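Visitor: I have a structure I would like to understand better, so I am pasting it below and will then ask my questions one at a time.
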Ligand SMILES: Nc1ncnc2c1ncn2[C@@H]1O[C@H](COP(=O)(O)OP(=O)(O)OP(=O)(O)O)[C@@H](O)[C@H]1O
Ligand SMILES: [Mg+2]
């Protein structure tokens, strides 16, 4: 059984820390919680009438000769039972319905909080986690956490309350037999204490592995074109089944623990019943004054009730371990600070778009990618960033967006260090078209107007026209309302780029970054978009990253990057005349074009 050792068996987070995310929503719902507990208490307490009625029947009715008195007694007991049943039905209904409502409200609250929190986490975090497994955190983890409320907080307080009530009644009927019961109950409490941590750790490992299975499946399915094109089904199937096998192994290991737990607890419960029956019979035979037959039958029925409650408790304790494990995972995520974080007194200045890099060093994990970059981009000018693949151009734009903070040095925007400016304020002033444009599974309109408040139809259409997208959008059956993505129209690479360009133009940004934004377009469309970008000149800072050097002919200045360093800088003609990397790249592309041409 490989890999079955729980990964996270290391530390136990204290209970009150774990349930912290539940506290606030629970506080807001305390009335509902109190009503649920009241209903649950009723549902538990009311059946206690049955042993009382039974004891009364045996000792006071059955032992009497049949007469009008006993007939009246029977009728009275019947009437009491009907009332009892009526309230029991009501209590049972509310216990279940209210608990569900409460759990659903809490889950909704927690789901929202998780989603908002995860969205604000750093790019480093997202580089490390599968989107699919994060999806499972906001869905299945939250569902499990709801169990803690229903089976946990509510059921525990209920059973606690009921055991106290039952214990009191039993002590009253017969203290000796009650003490005997308590001994068995403490045995059960020990079993719970002994087994719970191990089961919880196991459940947490299972959930972690399960969400990684979900993540893996999501990854393969979203890359299904590659999987199919490379006939990689067998390989991905093998990788998936290895992941799934780990879940199974963990589950099998955990089920052994759960089995011992339930078997021990169950044995104690039955042993308690047998012990009470034997000791009770002994008392009736040899000390008849201490216990009546009716009392013993009533007492045994009480023990049945107590044991039912203990068994329910142990069952739900296993389910709660799932919930606690999920709460641990939720806690692990909520515990991560969003980074880079805004300073408390983050600025929201008016921005013109002057961007300066001062001795910036940066890398992902340990590998350095950018070395001592120092340069300034003046507001309103258009720049091109060129250089071989892997030289760090996209990385540079990620720093401009403050997806990451530099290792050393700083980036200034209009004299303000980027780290001092409120991120959401700043990002309202930059727009970017990423190298691999993302299209959401919403309508064309929502895709273009994304994150712009109150985007008007006119503005959306204007942006689409500028991005050369209007025409193909109008060819779709529902125009701007056509759904895109998963359940809608699949766009071509160039169409995706144009939607992304329209989205960027919509924002009316101070700084516009186009990372290979027109690489998938034909030259006519590309030229048209270039004209639009040229029109922006003087009003916005534009940074264009391009491999096709013909597209950067008109920019104010070209920055050439090589292996994470800025090696050349100047306008097209100057760089062309120099004997440097740019001239070399230009020459290469010219040769390629010539070869194509003839
Ligand atoms: N998320 C990441 N984690 C780790 N390394 C990364 C990450 N993104 C990029 N890199 C590395 O940083 C280096 C620069 O990558 P970058 O994407 O900035 O290059 P680029 O100039 O944009 O290349 P291209 O022209 O091919 O788009 C590469 O060596 C790459 O492996
Ligand atoms: Mg790139």
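The values are calculated or read from the model by the stated rules, or taken from the named source; none is laboratory data. Values in this document were obtained by computation on a predicted structure and should not be read as measured data. Note: ideal-geometry Cβ built from the backbone for every residue, glycine included; neighbour counts use all protein chains shown.
Visitor: Please return the ranges of helices (runs of 4 or more DSSP H) entirely within the stretch 73-175 where 1 or more residues are within 18 Å of residue 35 (Cβ to Cβ).
Guide: 142-147, 155-173
Visitor: Here's a follow-up. Report yes if some residue within the stretch 40-59 is within 32 Å of the chain's Cα centre (by Cα) and either modelled with pLDDT of 85 or more or assigned to a helix (DSSP H, G or I) (or both); otherwise report no.
Guide: Checked the stretch 40-59: at least one residue is within 32 Å of the chain's Cα centre (by Cα) and either modelled with pLDDT of 85 or more or assigned to a helix (DSSP H, G or I) (or both).
Visitor: Take residue 242 and tell me if it is part of a helix (DSSP H, G or I), assigned by TED's automatic domain parsing to the domain that holds residue 134 and farther than 30 Å from residue 297 by Cα.
Guide: yes
Visitor: From 231, 239, 223, 218, grab the single residue that is at positive phi, out of contact with any strand residue (DSSP E or B) (no Cβ under 7 Å at 6 or more places or on another chain) and modelled with pLDDT under 90.
Guide: 231
Visitor: Specify the residue that is nearest to residue 357 (Cα to Cα); the eligible residues are those in the stretch 404-439 that are within 16 Å of ligand 2 (Cβ to nearest atom) and crowded, with 17+ Cβ neighbours inside 10 Å.
Guide: Among those residues, the one meeting the criterion is 404.
Visitor: Further question: Here is a check on your reading of the model: is residue 553 within 16 Å of ligand 2 (Cβ to nearest atom) and either over 15 Å from residue 437 (Cβ atoms) or at pLDDT below 90 (or both)?
Guide: Considered against the rule, which asks whether it is within 16 Å of ligand 2 (Cβ to nearest atom) and either over 15 Å from residue 437 (Cβ atoms) or at pLDDT below 90 (or both), residue 553 comes out as no.
Visitor: Hey, can you tell me all the residues within the stretch 579-593 that are exposed (fewer than 15 other Cβ atoms within 10 Å of the Cβ) and either assigned to a helix (DSSP H, G or I) or in contact with a strand residue (DSSP E or B) (Cβ under 7 Å, 6 or more places away or on another chain) (or both)?
Guide: Those that are exposed (fewer than 15 other Cβ atoms within 10 Å of the Cβ) and either assigned to a helix (DSSP H, G or I) or in contact with a strand residue (DSSP E or B) (Cβ under 7 Å, 6 or more places away or on another chain) (or both): 584, 587, 588, 589, 590, 591, 592, 593.
Visitor: Further question: For residue 318, state whether it is modelled with pLDDT of 85 or more and assigned to a helix (DSSP H, G or I).
Guide: Taking the combined requirement at face value, the residue does not satisfy it.
Visitor: With 385, 396 as the choices, which residue is at pLDDT 90 or above, within 16 Å of ligand 2 (Cβ to nearest atom) and in contact with a strand residue (DSSP E or B) (Cβ under 6 Å, 6 or more places away or on another chain)?
Guide: 385
Visitor: Starting from the stretch 103-123, keep only residues that are more than 20 Å from residue 336 (Cα to Cα), then list their pairs with residues that are in a loop (DSSP other than H, G, I, E, B) whose Cβ atoms are within a distance under 8 Å, requiring at least 6 positions of separation or different chains.
Guide: Listed by first residue and then by second, the contacts come to 105/29; 106/29.
Visitor: Residue under question is residue 588, and the condition is that it be within 16 Å of ligand 1 (Cβ to nearest atom) and over 47 Å from the mean Cα position of the chain (by Cα); does it hold?
Guide: Yes: the conditions hold for residue 588.
Visitor: When you go through 559, 575, 505 one by one, which is the residue that is more than 16 Å from ligand 2 (Cβ to nearest atom) and in contact (Cβ under 8 Å) with a residue 24 or more places away in the chain?
Guide: 505
Visitor: Among the residues of the stretch 425-475, how many are more than 16 Å from ligand 1 (Cβ to nearest atom) and free of Cβ contacts under 8 Å to residues at least 40 places away in the same chain?
Guide: Total meeting the criteria: 19.
Visitor: Are there strands (runs of 3 or more DSSP E) fully within the stretch 343-402 with at least 3 residues that are in contact (Cβ under 8 Å) with a residue 24 or more places away in the chain, more than 21 Å from residue 570 (Cβ to Cβ) and within 16 Å of ligand 1 (Cβ to nearest atom)? List them.
Guide: Correct list: 355-364.
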